[in-house]
Amino acid sequence: MKNRKEKNIILVDKNDNFIGLLDKFSVHKKGLLHRAFSIFIMDNFGKILLQKRNYNKYHCGGLWSNACCGHPSFNDKNIIQAGIRRLNEEIGCSLPLFYKGSFIYYAKLNNGLIEHEFDHVLLGILNKKKVILNINPEEVSQIKWMSFYDIQKKYIKNPKIFTPWFIKVFNFVMKEKIWP
């Protein structure tokens, strides 16, 4: 049963209360509300780390998004622990993360799947001189650092290069002014 729970996604109500577990594909096919997190990493100069998802991902391959997104497993103690675990799996670094808030969003994906997430936003500050990223090529095909302004310009010019959820999370970050 332990392995089954680790592969399932945590379903929640609109108040983030646990209501069950279901496999990832079924959750995204049905558009069920589930617990997730989005991590934004900023460097010492105020630039944001973006990742281009691996082209072979089951959805949104080849699109740009924030540093890392994921779903906590049933065995994670909390959202911060889940975020640190997933950040290490995707971009190969471990750094402190800070909880900055949450919101619910709904986004249709490119292959008939649906993201309907109770999304917890986490922030990390990375000193590029002290931390070396070890990108997992199965998860990430490319990374780049961009300013808020450059991200906004790029999104206005060509929104289809970003994941459907990215601008929703980015707007939350801008509105809430989560930066230190």
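Looking only at residues in the range 74-107 that are touching a strand residue (DSSP E or B) at 6+ places or on another chain (Cβ under 6 Å) and among the basic types (Lys, Arg), which one is surrounded by the fewest Cβ atoms within 10 Å (Cβ to Cβ)?
Here the residue is 100.
Which numbered condition in (1) in contact with a His (Cβ under 7 Å, 6 or more places away or on another chain); (2) farther than 20 Å from residue 126 by Cβ; (3) aromatic (Phe, Trp, Tyr) is the only one that residue 37 fails?
Here residue 37 meets the rest and fails (2).
Kindly establish whether residue 52 is under 19 Å from residue 166 (Cα atoms), charged (D, E, K, R) and touching a residue at least 12 places away in the same chain (Cβ under 8 Å). So that I can check it myself, show each step before the final result.
On the way: under 19 Å from residue 166 (Cα atoms): yes; charged (D, E, K, R): yes; touching a residue at least 12 places away in the same chain (Cβ under 8 Å): yes.
Yes, satisfied.
Restricting to the range 25-44, give me the number of residues that are free of Cβ contacts under 8 Å to residues at least 60 places away in the same chain and either part of a loop (DSSP other than H, G, I, E, B) or of a type in the set (Val, Ile, Thr) (or both).
Qualifying residue count for the region: 1.
Look at residue 123 and say whether it is over 20 Å from residue 53 (Cα atoms) and buried (at least 17 other Cβ atoms within 10 Å of the Cβ).
Answer is no for this residue.
Sort through 144, 175, 168 and tell me the only one that's among the basic types (Lys, Arg), exposed (fewer than 14 other Cβ atoms within 10 Å of the Cβ) and in contact (Cβ under 8 Å) with a residue 40 or more places away in the chain.
The conditions single out 144.
Determine whether the range 4-26 contains at least one residue that is under 26 Å from residue 125 (Cα atoms), in contact with a strand residue (DSSP E or B) (Cβ under 7 Å, 6 or more places away or on another chain), surrounded by fewer than 17 Cβ atoms within 10 Å (Cβ to Cβ) and not aromatic (Phe, Trp, Tyr).
No, there is no match, as no residue in the range 4-26 is under 26 Å from residue 125 (Cα atoms), in contact with a strand residue (DSSP E or B) (Cβ under 7 Å, 6 or more places away or on another chain), surrounded by fewer than 17 Cβ atoms within 10 Å (Cβ to Cβ) and not aromatic (Phe, Trp, Tyr).
Here are the criteria: (1) in contact (Cβ under 8 Å) with a residue 40 or more places away in the chain; (2) over 25 Å from residue 144 (Cβ atoms). Tell me which single one residue 89 does not satisfy.
Of the numbered conditions (1) in contact (Cβ under 8 Å) with a residue 40 or more places away in the chain; (2) over 25 Å from residue 144 (Cβ atoms), the odd one out for residue 89 is (2).
State the number of residues belonging to the range 1-24 that are within 16 Å of residue 79 (Cα to Cα), part of a strand (DSSP E or B) and either hydrophobic (A, V, I, L, M, F, W, C) or modelled with pLDDT of 95 or more (or both).
5
Checking residue 65 against (1) of a type in the set (Gly, Ala, Ser); (2) at pLDDT below 95; (3) under 17 Å from residue 150 (Cα atoms), which single condition isn't satisfied?
(2)
Hand me the list of strands (runs of 3 or more DSSP E) wholly inside the range 58-163 holding 3 or more residues that are closer than 30 Å to residue 14 by Cα and of a type in the set (Phe, Trp, Tyr). Walk me through how you get there before you give the answer.
Values: elements: 64-66, 68-70, 98-108, 114-126, 140-146.
Here the list reads 98-108.
The values are calculated or read from the model by the stated rules, or taken from the named source; none is laboratory data. It should be emphasised that the depicted structure is a prediction, and the values quoted were computed from it without experimental measurement. All Cβ positions, glycine included, derive from the backbone under ideal geometry; neighbour counts span all protein chains shown.
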